[in-house]
Amino acid sequence: ICLFYTFDGPFMQVPYDVIFCCLYGVAAVVIIALNIVTALCDPSDPGFFQKLPEGEMFGQPPNNKLLCNLCSAFVDRSSKHCGRCNKCVIGFDHHCKWLNTCIGVRNYRLFLCFVGTALGTLIFQLTTSSYLFVNSFASTN
């Protein structure tokens, strides 16, 4: 985003510079908002918060639940324990070091929207820069 305002914006023609600056501004706000929402969305298993009391490790598990030995809670069968977050996550995909959170079923769509928006903005930036670069050599001025 900063690259556009530094390198591309000053070289654009008058009607397009305002339009592209607005588009990049909106893209920046969307990327930052998705980053914050994805990072703050808690992907952990709801059973993670219902830990067993100390010494009560052997109880009857509820339907479709397993006991996680690491966090001492009955969690969903599709949950996996994340060593970095120290919690069980339903549909664990990976621990994202850029967002500092686990990616699972609860925040997977937000994560994909975040990555897709950032990738779309990057492709738009490369296309705009390439067009301006080629146009600077093709112009007769």
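What is the spin-label model distance, in nm, from ILE123 to ARG109 if the labels are put 7 Å beyond Cα along the C-beta direction?
2.2 nm
If a paramagnetic tag sat 7 Å from the Cα of LEU70 along the Cα-Cβ line, which residues of segment 92-122 would have the backbone N under 16 Å from that point?
From segment 92-122, the list is 92-97, 101-105.
Over 18 Å apart: what share of the alpha carbon pairs of segment 61-141 falls there, rounded to a whole percent?
Working: 1941 of 3240 pairs.
The answer is 60 percent, as a whole percent.
Can you list residues whose amide H is under 5 Å from ASP93's amide H, if they're 5+ apart or on another chain and H is modeled 1.01 Å from N?
Close amide H contacts, sequence-distant or interchain: ILE103, GLY104.
Which residues does the label zone of VAL29 cover in segment 83-114, counting backbone N under 18 Å from a point 7 Å along Cα→Cβ?
Of the residues in segment 83-114, 114 have backbone N under 18 Å from the label point off VAL29.
What FRET efficiency, computed as 1/(1 + (r/R0)^6) with R0 = 22 Å and r the Cβ-Cβ distance, is obtained for SER78 and ILE36, rounded to the nearest 0.05? Walk me through the numbers before you get to the answer.
On the way: r = 27 Å, r/R0 = 1.21.
That gives a FRET efficiency of 0.25.
FYI, it's all coordinate maths here, none of it is from the lab. Worth saying up front: this structure is predicted, and the values here are computed from it rather than measured. A quick note on method: Cβ atoms are made from the backbone with ideal geometry, for glycine too, and the neighbour counts reach across all protein chains shown.
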